[in-house]
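Here is the structure we will look at.
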Amino acid sequence: MAYHVTLIPGDGVGPEVTEATKRVLEATGVTFHWDLAHLGGGAQELFGTPLPDYVFESIRKNKVALKGPVTTPIGSGFRSVNVALRKELDLYACLRPYKIYPGAPTPFKDVDIVVVRENTEGLYSGIEFEVGASDTARLIELVGETKERVLGEDTSVSLKVISRTASQRIVKFAFDYARANHRKKVTAVHKANIMKFSDGLFLAIAREVAKEYPDIEFDNVIVDTLCMQLVRAPQQFDVLVLPNLYGDIVSELCAGIVGGLGVAPGANLGDDMAIFEATHGSAPKYTGQNKVNPMAMMLSGVMMLHHLGEAKNADRLEKAIADVIAEGKNVTYDLKPDAPSDQVVGTSQVADAVIEKLEETS
Ligand code: NAD
């Protein structure tokens, strides 16, 4: 059977890590029909928009996409196409498993954490009021009238939106994931002590949903305490469920704990569509240098194989990647931070080494 998958190379280092991942996925023996689609900077040049409609059409048709990172201009220019994609396709759950593969450069041991990040609202609602704009003046007036708080005219505002519906579905997603994957505990992460209405609602819903899953332990932690505990004893955490911004930040913290962005995969999932992409961004300074680690993207490919029901091939690919890391001969600079440059390899050589390992198990 052949799987139809939308393939989005992205920009920056995206095309290189995507190509390496495509090669190892094909080497598993699974057949793919790749439906190539451009997003971000490349699409802007080709179509005059960073997010052309045909990308949505392709993903809606294929239901599954493998995506390289896409650059987002800071402060001005187009809003994040990543955020827009997730919202438009209602990919409400960002799933990021972080585990330590022996040989990865980290002082920690035995970490196996799954981050479940709400993907559609929170501080990434995209509802923003720019300093000096007329709608901002109206908002400032409203806050003055209803909250008796004076906001200066030099204020910008971004809305943090937390809804009952989105909170319920993301917490349910986390518990369902925990149950299906034999995980023991779900921890809800929040700052409900300060943001009583937004994070307070998220926590209240999490407590409510937890009652439906008596077989899974539930607890909650304030996000700043979580960060401290993660760097002291990350092994105590299992599945974390977080609103959008905390999920984004804590993901990178967890990536650091397990050995860096080069080994940090991810997926954006909705009820019937999925985009698989690494945690990392487009690392523009390394564009075209055959330098960065493709394993984060490859491990996202492993998640994709599981999603497609190809568990055996997913396990084979994960083992091949793990073997290359453990051997330490054909890894990129990030996995051997102290090694001279002639003792590390480039993106495409990592793909060669993974394919060689796969061939040993075919
Ligand atoms: P980044 O993740 O692109 O890179 C930060 C640093 O991490 C790099 O300079 C590099 O040293 C290291 N790194 C990243 N990926 C690596 C890899 N595969 N192997 C080895 N080292 C790696 O973060 P940034 O520089 O803050 O963001 C660059 C752009 O990417 C921004 O425009 C940002 O908005 C965008 N971004 C996109 C996505 C996405 O498409 N899903 C995600 C995050 C950031």
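Among the numbered conditions (1) out of contact with any Asp or Glu (no Cβ under 8 Å at 6 or more places or on another chain); (2) at pLDDT below 85; (3) away from the ligand (no atom under 12 Å from the Cβ), the only one that P73 does not meet is (3). Would you mind stating whether V24 is within 28 Å of I321 (Cβ to Cβ) and surrounded by 21 or more Cβ atoms within 10 Å (Cβ to Cβ)? Judged against the criteria, V24 is a match.
For the list (1) of a type outside the set (D, E); (2) surrounded by fewer than 23 Cβ atoms within 10 Å (Cβ to Cβ); (3) in contact with a Ser or Thr (Cβ under 6 Å, 6 or more places away or on another chain); (4) assigned to a helix (DSSP H, G or I), I need the number of the one condition that A322 fails. Here A322 clears every test but (3).
One residue is enough: does the range 225-244 have a residue meeting the conditions within 16 Å of the ligand (Cβ to nearest atom) and touching a residue at least 60 places away in the same chain (Cβ under 8 Å)?
Looking for residues that are within 16 Å of the ligand (Cβ to nearest atom) and touching a residue at least 60 places away in the same chain (Cβ under 8 Å), one finds at least one in the range 225-244, hence yes.
A single member of D352, D315, D342, D323 is modelled with pLDDT under 95 and away from the ligand (no atom under 15 Å from the Cβ), and it is D342. Of all residues in the range 24-37, at least one satisfies being polar (S, T, N, Q) and touching a residue at least 40 places away in the same chain (Cβ under 8 Å). Looking across the range 278-296, the residues that are part of a helix (DSSP H, G or I) and within 7 Å of the ligand (Cβ to nearest atom) come down to P284, K285, Y286, A296. A single entry from D219, D272, D224, D215 fulfils the requirement of being farther than 30 Å from T6 by Cα, within 21 Å of the chain's Cα centre (by Cα) and either modelled with pLDDT under 95 or acidic (D, E) (or both): D224. Restricting attention to the range 3-51, report how many residues are away from the ligand (no atom under 16 Å from the Cβ) and assigned to a loop (DSSP other than H, G, I, E, B). Final tally of qualifying residues: 5.
The values are calculated or read from the model by the stated rules, or taken from the named source; none is laboratory data. Computed from a prediction, not measured in an experiment: that's the story for all the values here. A quick note on method: Cβ atoms are made from the backbone with ideal geometry, for glycine too, and the neighbour counts reach across all protein chains shown.
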